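**Student:** Before anything else, here's the structure in question.
No lab work stands behind these numbers, since they all come straight from the coordinates. Just so it is clear, the model here is predicted, and its values are computed rather than measured. A quick note on method: Cβ atoms are made from the backbone with ideal geometry, for glycine too, and the neighbour counts reach across all protein chains shown.
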Amino acid sequence: MDKRIGVFFCRCSNLISDRLDEERVLAKARQIDGVVHVASHNLLCSPEGKKFLAEEIKEHSLDAVVVAACSPKLHEKTFMTILEETGVNPFMLQMANIREQCVWITPDKAEATEKATAYILAAINRVGRHESLETKAIECNPDILVVGSGVAGIEAAKNFSMAGRKVYLVEKEPCIGGVVARIEEVYPSMECAPCMIAPMQQEILQDPNVEVLTYSEIEEVKGFLGNFNVKILKKPKSIDEINCLGCGECYPVCPVEVKNKFDGGLANRHAIYVPYAGALPNIPVIDRDICLRFDGQDCSKCADACPMAAVVFSQESETIEVNVGGIVIATGGETYDISKVEELNFGKIPGIYNTIQMERLIASNGPTEGEIVMENGDAPKKIAIIHCAGSRNAKHLPYCSGICCLNNMKLVRNIKHAIPDAELHLYYRDFCLPGKAGQAFADETLKKAIAHRYCGKIKTSDSDGKIAIHANDTSDKFDMVVLTPGIVPSADGKKIAELFDLELDDYGFFKEDHNLLNISSSSMEGIQIAGAAQAPKGIDEAIAQAAGTAGKLLAKLVPGRLLEIETKVTVIDEELCGGCKMCISLCPYSAIDFDLEEKISRVNEVLCKGCGTCAAACPSGAAVAKHFTKEQVYAEIEEVTL
Amino acid sequence: MSDFEPKIVAFLCNYCSYEGADRAGSARMESPANVRVIRTMCSGRIEPEMVLESFSKGADGVMILGCHPGDCHFKEGNYKTLRRYSLLVKTLDEFGIEPDRIALDWVSASEAKKYTEITAAMTERVRKLGPFVLDSGSCKGETK
């Protein structure tokens with residue numbers, strides 16, 4: 001060994017030195033080749049201790065240091081900083097944990113002395129094999145991609161824009177605003193939802209920092225925090241967006257009709273359509289799957305009706321390539337397909353509606369312009385709302401979505417407002433009424449409805465044109481029944497997860513980095529999650545998470561500031577790599593690529609987190625885990641087994 | 001034989017089991033001095049050769065401790081360890097190294113008590129097995 005190694009023993013104010021034979025330990029250390037200096041201090045982490053260590057390193061021209069003290073978890077960074085400040089590479093430090101994992105866990109003084117000696121000798125042997133490592137930093141692109149334009153996506157985009165960042169806001173549908181833009185009122189304030197969200201929509205559509213790409217989908221994503229290359233497919237709307245005034249002359253003349261999913265299938269739309277009245281941006285699209293023209297027929301009714309010649313049948317799809325530093329996934333959620341709960345007979349018995357359909361019946365921009373009527377046009381006199389439809393049910397959704405009960409209270413108020421003399425029954429299992437306003441909101445609402453608690457099964461049946469509900473041992477008949485299922489991830493969540501290489505949880509929501517400490521980061525560094533894409537949540541929580549997630553990315557990606565990357569990464573020796581690709585399949589971060597020309601694997605040091613799993617499996621020894629090399633670990637083994 | 005004190009090398013992952021061992025110390029619990037800890041960032045880093053090297057240098061037993069399945073700091077390193085481990089036990093057996101001389105377990109950062117219990121149990125187990133002697137004659141692969 002040609003390094004000048006110094007060994008520093010911290011007495012930890014006698015917490016260590018009282019429990020072992022200090023002189024015996026130090027005497028052993030002094031005998032080791034390469035150890036040029038051994039010293040003790042009463043408390044190395046104190047200001048005096050740190051000053052002492054720095055002076056000793058300089059005075060003895062040390063180029064490797066062993067600190068025998070507490071756990072490296074507590075002060076490794078402290079001592080690495082001192083090395084750096086004295087001009088020694090910080091990775092030339094090795095700590096021997098002689099406190100937590102030695103004297104504190106070994107009551108016998110002689111045994112503790114022997115164990116501490118072994119740890120210190122192992123650290124000396126190891127540090128002799130340490131190499132200087134340079135912490136690398138990369139340039140990053142501060143621009144941001146937001147996928148999904150519900151309240152969470154818009155809020156995130158808005159925050160990035162406020163910080164002066166360029167944002168690409170991608171939405172697969174023709175309009176922005178998600179579910180909130182389609183409902184009438186929000187709980188608990190009973191505020192008008194479109195009034196609340198329209199300013200957000202308009203602001204984002206007119207924001208010079210935000211490029212809103214509606215009717216667009218992500219095609220390909222490559223890269224890492226600071227540098228993602230994204231291909232976005234802009235589907236053809238068949239409309240010249242600059243010339244279109246949004247006058248609405250084109251859709252009534254279209255001869256094709258299909259059920260409109262934006263109205264829960266309660267009304268029809270044409271092949272050329274805007275999703276619902278007041279949808280923003282106010283520009284129609286042509287659904288080429290059903291348009292006669294794209295079926296080879298000679299129809300141009302919409303084009304003929306357009307006063308601006310804005311219908312462009314020949315428009316082609318366009319792939320846009322953008323580079324961004326960070327990504328926010330805000331693809332939202334949807335309600336569970338309640339037809340799967342067979343005993344509730346959704347879709348089979350007329351008069352049974354789901355939440356979205358009820359919201360659309362209530363909405364003044366809905367198919368009935370806010371009139372709650374049944375299929376025959378009559379207003380229902382007796383209505384039931386069934387809570388937890390399919391929720392907290394092992395066969396369907398095992399979890400509670402946490403927002404449906406309060407939303408149902410809102411529906412009660414909406415229904416009573418629209419049909420004051422309607423008899424309204426709530427079938428519930430438990431009321432979940434979180435938040436500071438929840439209980440009071442429900443208490444006040446429940447004066448307007450009759451509540452039945454059901455414990456076991458609930459089912460519906462057809463009863464002479466009415467709907468019978470059987471719960472517990474009772475039955476009752478209704479004109480209209482509203483089933484309120486829980487929230488599930490949006491249908492294309494799985495596709496998005498594959499494109500972005502993200503993990504999903506057991507229910508298909510995007511998996512958080514940590515379910516308590518970091519719910520707004522995905523399993524991939526640089527890709528954040530917000531809103532119902534992560535878990536069912538209300539508007540308030542979605543907004544808070546979106547703002548939080550924007551804050552995280554803004555803090556990570558600062559224009560002009562280099563992005564520090566992990567130093568203790570694995571590197572692959574090009575000469576030794578046999579190209580077996582075993583490492584590629586093992587890497588949890590997809591950080592290893594195969595170089596087809598050279599036929600070897602290469603680690604992307606930006607993505608590598610330094611777990612060393614690949615190094616452990618590499619049959620040729622080409623993959624070397626920096627700072628945890630085989631030689632370094634062997635050096636420790638050699639001493640601890642003596 | 002009664003005063004035989006085994007040497008046990010314990011590979012601990014940085015994020016869970018090393019933290020668990022630290023906490024055992026902080027709580028002044030007791031763990032046998034026989035167990036000597038080597039820290040790796042992830043249990044997934046531990047090469048089978050490191051286990052073999054430990055035995056060849058004089059260890060009587062080897063422990064590998066990682067995060068609980070599902071809790072790995074590196075997402076799935078411990079699953080790789082688990083897969084590698086079952087193969088390793090078979091290989092060690094072929095070399096004439098009793099499977100009882102090696103242990104794989106999961107210790108979370110809060111399981112200080114579990115750390116002390118499993119290190120004590122392992123020490124006792126290996127103490128009963130006696131010193132490990134690498135005897136090439138016992139290598140099953142070489143016998144017919």
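**Student:** Using the 2.2 N^0.38 Å rule of thumb for compact globular proteins, work out how region A:1-159 stacks up: its C-alpha Rg over that value, please.
**Tutor:** 1.38
**Student:** Here is a further query. Any chance you could check the Cα centroid distance between region A:104-140 and region A:33-62 for me, in angstrom?
**Tutor:** If you average the Cα positions of each part, the centres end up 16 Å apart.
**Student:** May I pose another question? Taking the 0 to 90 degree range and rounding to the nearest ten, how far is the long axis of helix B:17-26 tilted relative to the main principal axis of chain B, both from C-alpha atoms?
**Tutor:** On a 0 to 90 degree scale, this one is about 70.
**Student:** Between region A:398-433 and region A:459-485, what is the separation of their alpha carbon centroids in Å?
**Tutor:** 16
**Student:** Using Cβ contacts closer than 10 Å as the measure, can you line up B:His73, A:His387 from fewest to most?
**Tutor:** Ordered from fewest to most neighbouring Cβ atoms within 10 Å, B:His73, A:His387 come out as B:His73, A:His387.
**Student:** Using only Cα atoms, tell me the angle between helix A:193-205 and the longest principal axis of chain A; keep it within 0 to 90° and round to the nearest 10.
**Tutor:** 60
**Student:** Checking the a/c ratio against 1.5 first, then a/b against b/c, what shape does the Cα gyration tensor give for region A:565-626?
**Tutor:** Prolate, because a/c is 1.5 or more and a/b exceeds b/c.
**Student:** What area, in nm² and to one decimal, does the C-alpha convex hull of region B:1-127 cast on average over all directions?
**Tutor:** Orientation-averaged projected area of the Cα hull: 7.2 nm².
**Student:** Given +1 on the Cβ of Lys and Arg, -1 on the Cβ of Asp and Glu, and no further charges, what dipole in debye does chain A carry about its Cα centre, rounded to the nearest 20?
**Tutor:** 1340
**Student:** Further, regarding this structure: Taking the alpha-carbon centroid of each part, what is the distance from region B:82-134 to region A:554-580 in angstrom?
**Tutor:** After rounding, the separation between the Cα centres reads 35 Å.
**Student:** What is the sum of charges around B:Phe74, taking Lys and Arg as +1, Asp and Glu as -1, for the other residues whose C-beta is under 10 Å from the C-beta of B:Phe74?
**Tutor:** Local net charge: +3.
**Student:** Take every residue in peptide B:47-59, count the Cβ atoms of other chains within 10 Å of its Cβ, and give the average of those counts.
**Tutor:** 4
**Student:** What net charge is computed for the residues neighbouring A:Ser61, neighbours being all others with C-beta under 14 Å from the C-beta of A:Ser61, Lys and Arg scored +1, Asp and Glu -1?
**Tutor:** Net charge around A:Ser61: -2.
**Student:** In percent, what relative contact order does region A:508-611 have, based on Cα pairs under 8 Å that are 6 or more apart in sequence?
**Tutor:** RCO, region A:508-611: 19 percent.
**Student:** Sticking with this structure for a sec: By counting other Cβ atoms within 10 Å of each Cβ, how are A:Cys583, A:Cys299, A:Cys195 ranked from fewest to most?
**Tutor:** If I rank by nearby Cβ atoms, fewest first, I get A:Cys195, A:Cys299, A:Cys583.
**Student:** If you don't mind, there's one more thing I want to ask. Within region A:225-251, list the residues whose amide N lies under 18 Å from a label point set 7 Å along Cα→Cβ of A:Arg288.
**Tutor:** Residues A:232-241 fall inside that zone.
**Student:** Ok, one more. Cut-off under 14 Å on the C-alpha distance; same-chain residues fewer than 8 positions from A:Lys259 excluded. Which aspartates and glutamates are left, in chain and number order?
**Tutor:** Cα-Cα hits under 14 Å: A:Asp287, A:Asp289.
**Student:** Within the set A:Lys410/A:Lys436; A:Lys495/A:Lys581; A:Lys568/A:Lys630; A:Lys73/A:Lys626; A:Lys626/B:Lys114; A:Lys556/B:Lys80, which residue pairs have Cα atoms separated by over 22 Å?
**Tutor:** A:Lys495/A:Lys581; A:Lys626/B:Lys114; A:Lys556/B:Lys80
**Student:** Grab the eigenvalues of the alpha-carbon gyration tensor for region A:44-86, scale each by 5, take roots, and send me the semi-axes largest first in whole angstrom.
**Tutor:** Taking √(5λ) for each Cα gyration eigenvalue gives 16, 11, 9 Å.
**Student:** Go through A:116-128, A:589-601 and give me the packing order, highest mean Cβ count within 10 Å leading.
**Tutor:** A:116-128, A:589-601
**Student:** Another question, if that's okay. Starting from the 7 Å offset along Cα-to-Cβ, what nm value, one decimal, do you get for the label separation of A:Asn42 and A:Ala418?
**Tutor:** With each label placed 7 Å out from Cα toward Cβ, I get 7.9 nm.
**Student:** So which aspartates and glutamates can A:Lys222 reach, going by Cα to Cα under 14 Å and dropping same-chain residues fewer than 8 places off?
**Tutor:** Partners found: A:Glu321, A:Glu498, A:Asp501, A:Glu525, A:Asp593.
**Student:** Then there is this: Do you know the relative contact order of region A:239-312, to the nearest whole percent, from alpha carbon pairs under 8 angstrom that are 6+ apart?
**Tutor:** Once divided by the residue count of region A:239-312, the mean separation gives 38 percent.
**Student:** Under the definition of partner shielding as Cβ atoms of other protein chains within 10 Å of a residue Cβ, what is the mean value for peptide A:411-424?
**Tutor:** 0
**Student:** Could you tell me the ratio Rg/Rh of chain A? Both radii from Cα atoms, Rh via Kirkwood.
**Tutor:** Across chain A, the Cα-based Rg/Rh ratio is 1.11.
**Student:** Taking each residue of A:630-640 in turn, how many C-beta atoms of other protein chains fall within 10 Å of its C-beta, and what is the average?
**Tutor:** 6
**Student:** Next up: Mind giving me the nanometre distance, one decimal, between the label points for B:Lys113 and B:Phe95, set 7 Å out from Cα along Cα→Cβ?
**Tutor:** 3.6
**Student:** Starting from the Cα gyration tensor of region A:333-488, take the square roots of the eigenvalues, sort them a ≥ b ≥ c, and report rounded, prolate or oblate (rounded when a/c is under 1.5, otherwise prolate if a/b is larger than b/c, else oblate).
**Tutor:** Rounded, since a/c falls under 1.5.
**Student:** While we're looking at this one, here's another question. Defining a contact as two alpha carbons under 8 Å apart and six or more residues distant in sequence, what relative contact order in percent does chain A show?
**Tutor:** Relative contact order of chain A: 13 percent.
**Student:** Here's something else I'd like to know. As a footprinting exposure proxy, order A:Glu155, B:Glu19 by other Cβ within 10 Å, with the fewest listed first.
**Tutor:** Ascending number of Cβ neighbours within 10 Å: B:Glu19, A:Glu155.
**Student:** Counting DSSP beta bridges in the protein assembly as shown, what percent are antiparallel, to the nearest 5?
**Tutor:** Around 45 percent of the beta bridges assigned by DSSP in the protein assembly as shown are antiparallel ones.
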